[in-house]
Amino acid sequence: MSTARPEGHESGRIVVTGLGLVTPVGHDRVSTWNALLAGVDGIGEVESFDTSRHSSHRGGEVKGFDPVGRFRKLDPMELGRASQLAVFAAREAVEDAGLETAGYPSHRLGVAMGTTSGEPGQVEDMDDRWLAGELDRMGAFARLYPSHVIAGHVAAELEIEGVVTMLPAACAAGNYAVGFAVDALRTGRADAMLAGGADAFSRITYTGFARLGAIAPEICQPFDRGRQGMMPGEAGAVLVLERERDARRRGAEIYAVVTGYGLSCDAHHMTAAHPEGDGAVRAMKQALRFAGLAADQISYVSAHGTGTPTNDRLETKAVRTVFGDRRLPVSSIKSMIGHTMGAASAVESAVCCLAVSQNRVPPTIHYEEPDPECDLDCVPNEAREIPVNAAMNNAYAFGGNNASVIFTKLNGSAR
Amino acid sequence: MDVSEVRSKIKEIIANVTNIDPAEIADDAHFIDDLQLDSLSLLEIGVDVDYEFRLGVPEERLQELRTVQDSVDLVMQVKGEPATAAA
Amino acid sequence: MTAGRRRVVVTGAGAISPIENGEVGLEGLWSALAAGRDAFLPIAELQFDRDAEADRLQRATAAGVRFDPRDHLEGNYRPIDRTGQLAIVAAQRALAEAGWTAERRTVQEVGLVLGTMFGSLHTISAFDRRGVEAGPKYVKPLDFANSVINAAAGQAAIWLGLRGPNSTVTGGCVAGLQALAQACELIRSGRSDALLAGGADELAFESFFAFQHAGLLGSADLPRPFDARRDGFVPGEGAAILMLEAEDSATRRGGTTLGILAGHGTAFDPSRGTDRGSLASALTRAVGAALEDAGPSVPIDAVSSGASGLPTGDAAEAAALEQVLNSSSGTTPVTAVKSLLGESLGAAGAFQALVALGIIAGRELPGVAGWHQADPDIPALDLAATPRAIPARRVLLTSVSFDGFACAVVLDRPGDQETPT
């Protein structure tokens, strides 16, 4: 643990002024949010590739997704699907924030995106050609596959020329991107940052989780005693972040303040969490410390909540270590959209912003039977209207990467 | 393929996962107690044994494997000469 | 410079590169580079897994690390793929150089920021092909664990007990510099006191062939950065990692300061590297931000450039250097380590930093081997094919990716800075 005092409040608070979402339950932020509050299940039969030889057949795909109308500069049909999802969400977030008329020069705008797998569809196409003896038809792989092209495509489409970075911190990547954006704004390297995550539904990812026996057969039931696993999904999610004084000066609508974030590493196992939730606890505590908040000031936790037997048990332990016996609402939207990988914590960051601004928290659906090892108020099955002054978003990833971000109400009592 | 070939192939698979010299893996070595394998490595060995010998057995059979001998027995049962299997 | 900001210092560095042939340590690397020893070998002599497809590779040479993990890694390295193994070897050397023992790491957290372009494309593709060919139940679980792009950083954290912030950055060939930049910010903001930062990438058939298919590879046996006849890069691999620490805590533990990470800057070219002028502007903005960050009063004594032999990328580097060095562009020595090591992708920026550490430590500036004919279409730089003694207080590191990412880092010599404000 660092002994230095967190710096940075002198540059003012960092706020969220725009949101863009494309998820298995909606192709924009409003429809996604309404569906999440209504407890809509976005899981369905996998359509994007043949699962007949797999042991499971369901997942959270974004169905009926047509990126064409949203693009103005790049040709979406030339890009991989993760880039399509990312740009689609970024365009919405920029419009929501009114960023194009905000007067920021293009070199003062930046992008930080997260992902787990980048553009795995490009590898799958290459492999199919390879196995068909047609490797020479691999197309523009070198320009379409490397994961950083996702951030590059967002920036190129929006003609952004400032700090652009790609942070593939697997399933915690969206939170890493938000944290990076906060620092870029706090240190004056940018005037506005697009931060988010994108992952496409992928044969590689699906096959891997299926092989681990991690995929639930029908539904995703985080924290339920009978939970049988996670559900792979796909999504794009982007937040627009600015300094509060800039946002106020231009009269932008503010969803929430990004008050602090925390990062840690389990250094324990590639695919399994630390048995005591050690890294998760340290990430939450660091986020609280940087936010200048006590645990009892947090109103809502957006859980990582994958629905695997182990994750939910260990996450409960970690949350209880930080929050004690207080029964605060801790829900998992993965029950509705599945685990959207590198996009997941970006979607959940957007959800925290909406929760903070609207005082509503989405439920954990398919909750039937309490598990004594997951003794949390997981907001079972029904959304709830409660004052949300501060929301914490937790994300845990392969590689033991943990990240927590705290969002607070602009004029809430939390600070 | 006779039993000693099968055993030596299985030890090679284990060595690829554990970095333990095949010569130092006992015929009755226990994956967890002796070789300290975690669940991911156990799964890897099961998959590789299935792949190497194309056993095509149900998943549960692979998950039951706990020792080198278990694995040899499974392979011989599925792939061995009928005479050997009956013996 | 921001008042009261924590200063970030380099207290150690380690690498595993194609040229060392068993030599380890910074001094070994510096003297090999100064001697102009290059790393290029016939691809048949290299270790990467070409399967049956080797005849598709048209290039005769590449720069590959020839190593046996048994010689470097004590323990079960089998579940870790090549990129991860390279990263771990470089990281453990950096920790050793910096005096960060395993015992100290249990008391004080160390983190890792790793730049990479691909992670392990070979693992991902092999995983997928086995699933398609044999069936999804036959994919290898350990390969899946390595299929995430942050696998090398995660594996290194487990191997070395790195419990601090753990982050992976991809930005093509600028990822290594971006990793130094991100680590710098994590230390300045007080989130960490000690971070390993650098990059790693492996030579793999899949990426090699993809680069060839995209027309990015050079036709000559050796790379020709800035040369009039340059027509592409030569693939390389390796890992290089610096130990970065907050100066206050490094001093407390008695660490030695090899250099100061004084500033960094990042920018993007919306033409995605297709327009030379637009790419040069992006790098110019990145350098401007880095110099503003570092405090512009110290002149730049040398440049450790990311030029690789790509026509547009090298031209953009030259144009940006002319802009930022003003009238002194023709007199500020520039070196390009990719002329000796090849294009090691995510590791490249960290290798550029190792060169810079050598220069500020008083070692010779390596020559740009392969540079023989000045290109009349790009601004003149002070280049030399042979090594030179250059006293340097400040070295600028620059890099652009072929698809529009740009990053610059400023490294200063310790001991002769202005008093921190």
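We did not get these values from a lab; they are worked out from the coordinates using the rules stated. In this text, all values refer to a predicted model and were calculated from it rather than measured experimentally. Please note: Cβ atoms are built from the backbone with ideal geometry, for glycine as well, and neighbour counts cover all protein chains shown.
Mind grabbing the base-10 log of I(q)/I(0) for the protein assembly as shown at q = 0.08 Å⁻¹? Debye formula, identical points on the C-alpha positions, no solvent, two decimal places.
-0.67
Only helical DSSP H runs with n ≥ 4 go in: add -39500 (n - 2.57) per run for chain B, normalise by residue count and round the 222 nm mean residue ellipticity to 500 deg cm²/dmol.
Taken over chain B, the calculation gives -18000 deg cm²/dmol.
With +1 on the Cβ of every Lys and Arg and -1 on the Cβ of every Asp and Glu, and nothing else charged, how large is the dipole of the range C:8-253 about its Cα centre, in debye rounded to the nearest 20?
380
Distance cut-off 20 Å, Cα to Cα: go down the list A:Lys317/A:Lys409; B:Lys9/C:Lys140; A:Lys63/C:Lys137; B:Lys11/C:Lys140 and report the pairs above it.
Violating the 20 Å Cα-Cα cut-off are A:Lys317/A:Lys409; A:Lys63/C:Lys137.
Given the options A:Thr306, C:Ala319, C:His72, identify the residue whose Cα lies farthest towards the positive end of the charge dipole of the protein assembly as shown (+1 on Cβ of Lys, Arg; -1 on Cβ of Asp, Glu).
Farthest along the dipole direction, towards plus: C:Ala319.
Please state, to two decimals, what the Cα-based radius of gyration of chain A comes to when divided by 2.2 N^0.38 Å (N = residues).
Normalised Cα radius of gyration, chain A: 0.91.
Using mean Cβ contacts within 10 Å as the protection proxy, how do A:375-381, A:71-77, C:330-336 order, highest first?
Result, highest mean first: C:330-336, A:375-381, A:71-77.
Place the peptides A:302-308, A:122-128 in order of packing, highest mean first, counting for every residue the other Cβ atoms within 10 Å and averaging per peptide.
A:302-308, A:122-128
Find the relative contact order for the range C:263-412 and round it to a whole percent, using C-alpha pairs within less than 8 Å whose residues are 6+ positions apart.
Relative contact order comes out at 36 percent.
Residue by residue, what Karplus-based ³J(HN,Hα) values in Hz, rounded to whole numbers, does the range A:222-234 have, using 6.51, -1.76 and 1.60 with θ = phi - 60° and x for Gly and Pro?
Using θ = phi - 60°, the values come out as x, 6, 7, 4, x, 4, 10, x, 8, 9, x, x, 9 Hz.
Based on other C-beta atoms within 10 Å, arrange B:Val47, A:Val163 from fewest to most.
Listing B:Val47, A:Val163 from fewest to most nearby Cβ atoms yields B:Val47, A:Val163.
Between C:Ala361 and C:Arg37, what FRET efficiency comes out of the Förster formula 1/(1 + (r/R0)^6) with R0 = 22 Å and r the beta carbon distance, rounded to 0.05?
Once rounded, the FRET efficiency stands at 0.70.
Placing unit charges on C-beta atoms (Lys and Arg positive, Asp and Glu negative, everything else neutral), compute the dipole magnitude of the range A:259-408 about its Cα centre in debye, rounded to 20.
500
Could you tell me which of A:Gly69, A:Ser31, A:Val257 has its Cα farthest along the dipole of chain A towards the positive end, charges placed at Cβ (Lys, Arg +1; Asp, Glu -1), taken about the Cα centre?
Sorting the options by dipole projection puts first A:Val257.
Under a no-solvent Debye model with one identical scatterer per Cα of the range A:179-247, what's log10 I(q)/I(0) at q = 0.12, 0.19, 0.20 Å⁻¹?
-0.55, -0.77, -0.80
Taking every DSSP beta bridge with both residues inside the protein assembly as shown, roughly what % is antiparallel (nearest 5)?
65
Residue farthest toward the positive end of the dipole of the range B:3-86, with Cβ of Lys/Arg at +1 and Asp/Glu at -1: which of B:Asn19, B:Leu35, B:Gln63?
Checking the options against the dipole of the range B:3-86, the answer is B:Gln63.
To the nearest 20 debye, what is the magnitude of the charge dipole of the range A:104-204 about its Cα centre, counting +1 on the Cβ of each Lys and Arg and -1 on the Cβ of each Asp and Glu?
Charge dipole, the range A:104-204, about its Cα centre: 360 debye, nearest 20.
Okay, helix-only estimate at 222 nm for chain A: each DSSP H run of n ≥ 4 adds -39500 (n - 2.57), divide by all residues, round to 500 deg cm²/dmol; what do you get?
Helix-only estimate at 222 nm: -9500 deg cm²/dmol.
Return the average number of partner chain Cβ atoms within 10 angstrom of each residue Cβ along peptide B:39-45.
Mean partner-chain Cβ count within 10 Å for B:39-45: 6.
Hey, what number do you get for chain C at 222 nm if only DSSP H runs of n ≥ 4 count, each worth -39500 (n - 2.57), divided across all residues, to the nearest 500?
-10500 deg cm²/dmol
Provide, as a two-decimal number, the C-alpha radius of gyration of the range A:15-249 over 2.2 N^0.38 Å, N being how many residues it has.
Here the Cα radius of gyration is 1.04 times the empirical estimate.
I'd like the distance between the alpha-carbon centres of the range C:225-268 and the range A:62-115, rounded to an integer number of Å.
For the range C:225-268 versus the range A:62-115, the Cα centre distance is 32 Å.
Using the C-alpha gyration tensor of the range C:263-412, what are the square roots of 5 times its eigenvalues, in whole angstrom, with the largest one first?
Taking √(5λ) for each Cα gyration eigenvalue gives 20, 18, 14 Å.
Counting only other chains, what is the mean number of Cβ atoms within 10 angstrom of the Cβ of each residue in peptide C:206-212?
5
Roughly how far apart, in whole Å, are the Cα centres of the range A:157-211 and the range A:318-360?
With the range A:157-211 and the range A:318-360 each reduced to a Cα centre, they are spaced 18 Å.
Which residues' amide hydrogens lie under 5 Å from the amide hydrogen of A:Asp371, considering only partners 5 or more residues apart or on another chain, with H built in the peptide plane?
It is A:Arg225, by chain and number.
Going by a ≥ b ≥ c, the root eigenvalues of the Cα gyration tensor, does chain C fall in the rounded group (a/c under 1.5), the prolate group (a/b larger than b/c) or the oblate group?
Verdict is oblate for chain C.
Which whole number gives the average count of other chain Cβ atoms within 10 Å of the Cβ atoms across peptide A:174-182?
What the average comes to for A:174-182 is 2.
Could you state the number of Å between the C-alpha centres of the range C:291-322 and the range C:102-161?
Between the Cα centre of the range C:102-161 and that of the range C:291-322, the gap is 33 Å.
For A:Thr165, what residues show an amide H to amide H distance below 5 Å, using hydrogens built from the backbone and excluding near sequence neighbours?
Residues meeting the amide H criterion: A:Val111, A:Ala112, A:Met113.
Compare the peptides C:176-188, A:19-31, C:374-386 by average per-residue count of other Cβ atoms within 10 angstrom and give them in order, highest first.
Final packing ranking: C:176-188, A:19-31, C:374-386.
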